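Accompanying notes for the structure given below.
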Amino acid sequence: MGDINYFDIIANVPSNDDEIAGYFERKMKMAERDLFYNPEDFINGLRGVIKDDAAKKRSYLENEIDEAFGYGHKMSYNLRTDVLGNETYDEYHTRRVAVEIERYKSQLEEVSRDESKLLAGIDSLQGGKLKPLTRLLRGEEQRFLYAELKDKGFIGKDEDYQNFRFAFGGAPLMGEKFKKIKWCVGNKQCLRDLLSKIKCGTDAEMLRTVEHYFLDIKGQKMKLPTNRKRNEQSADENSMNEILEQFEKI
């Protein structure tokens, strides 16, 4: 089994968050095919390198911050020459050091964001496939939801049925590539209510996984409300409630 250049993989991760999981999946399949890696071994190796790389970057930046603090303290004792109007040379350097420290702190935050983004991308992989969003659904359940969600305007009239069944029930795509479903109403609570009834796994897993299956009304990554907040005046929520009541009777 050959070696994988994980650092090369990390260096070429797409800037678009929505493409990260697909990018890692392609790299994993290449490693499985060309180097005979098991997907689990690839994921664990990549996760370890991501964490190690982030730890090294943090250590370097934290050391730079410590040195900048020490340099600024030394300058305040040694320099007393006017350079800019009423600002003394040590005041000037103290200000410059403060700017440098803030820059390093900003870079530390960026390292943490990048680490979280990359780990979230590989967490979505499971044997080369996206984690399932819903439990297995019977054909009649899939047909009912497909028709009702289109009719009530929750999803587009042109939504492909096979694409829909991949998200709702995990039906195979027969070689086609999954296209994220656009949620066509601004109310995301409706989708949360729907998925809560048929999700695969825990509530927390549903909240993480939904972004790989849905886009919001603006075409951006889907983020569901974390808590149940019923709006009695919402026509969309009332429509979803009716759908769920009928669904339970199938």
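The values are calculated or read from the model by the stated rules, or taken from the named source; none is laboratory data. Just so we're clear, the structure is a prediction, and the values are computed from it rather than from any experiment. Cβ: placed from backbone, ideal geometry, glycine included. Neighbour counts: every protein chain shown. With ligands, DNA and RNA removed, areas are computed over all heavy atoms of the protein, side chains included. Shrake-Rupley method; radii C 1.70, N 1.55, O 1.52, S 1.80 Å.
Test each condition in (1) in contact with a Lys or Arg (Cβ under 7 Å, 6 or more places away or on another chain); (2) modelled with pLDDT of 70 or more; (3) not small (Gly, Ala, Ser) for Glu91 and report the one that comes out false.
Of the numbered conditions (1) in contact with a Lys or Arg (Cβ under 7 Å, 6 or more places away or on another chain); (2) modelled with pLDDT of 70 or more; (3) not small (Gly, Ala, Ser), the odd one out for Glu91 is (1).
Please go through the range 192-229 and pick out each residue that is without any contact (Cβ under 8 Å) to a residue 40 or more places away in the chain and open to solvent by 70 Å² or more (accessible area, probe 1.4 Å).
Thr202, Ile217, Lys218, Gln220, Lys223, Thr226, Asn227, Arg228
Considering only residues that are open to solvent by less than 40 Å² (accessible area, probe 1.4 Å) and either more than 30 Å from the chain's Cα centre (by Cα) or touching a residue at least 40 places away in the same chain (Cβ under 8 Å) (or both), which ones fall in the range 130-143?
Residues satisfying the conditions are Leu133, Thr134, Leu137, Gly139, Glu141.
Which ones in the range 192-250 are over 28 Å from the mean Cα position of the chain (by Cα) and not in a helix (DSSP H, G or I)?
Passing the criteria: Glu232, Gln233, Ser234, Glu248, Lys249, Ile250.
For the range 10-55, what are the residues that are polar (S, T, N, Q) and either part of a loop (DSSP other than H, G, I, E, B) or at positive phi (or both)? Break it down into steps so the answer makes sense when it comes.
Looking only at the range 10-55, we keep the residues that are polar (S, T, N, Q), and these are 12, 15-16, 38, 44.
Once the filter is applied, which keeps residues that are polar (S, T, N, Q) and either part of a loop (DSSP other than H, G, I, E, B) or at positive phi (or both), the range 10-55 yields Asn12, Ser15, Asn16, Asn38.
Would you be able to tell me the number of residues in the range 154-171 that are assigned to a loop (DSSP other than H, G, I, E, B), under 20 Å from Gly201 (Cβ atoms) and open to solvent by 20 Å² or more (accessible area, probe 1.4 Å)? Reasoning before the result, please.
Restricting attention to the range 154-171, the residues satisfying the condition of being assigned to a loop (DSSP other than H, G, I, E, B) are 154-160, 168-171.
Next cut, under 20 Å from Gly201 (Cβ atoms) only: 168-171.
Within this subset, residues satisfying the condition of being open to solvent by 20 Å² or more (accessible area, probe 1.4 Å) are 170.
Count: 1.
Considering only residues that are open to solvent by less than 60 Å² (accessible area, probe 1.4 Å) and without any contact (Cβ under 8 Å) to a residue 40 or more places away in the chain, which ones fall in the range 239-250?
Keep residues of the range 239-250 that are open to solvent by less than 60 Å² (accessible area, probe 1.4 Å), which gives 239-240, 243-244, 247.
The answer is none; no residue qualifies.
State which residue pairs qualify: first residue over 16 Å from Lys221 (Cβ atoms) and inside the range 15-38, second residue modelled with pLDDT of 85 or more in any location, beta carbons under 6 Å apart, and separation of 6 or more residues or different chains.
Pairs that qualify, where the first residue is over 16 Å from Lys221 (Cβ atoms) and the partner is modelled with pLDDT of 85 or more, are Lys27/Ile9; Met28/Phe42; Ala31/Ile4; Ala31/Phe42; Tyr37/Ala31.
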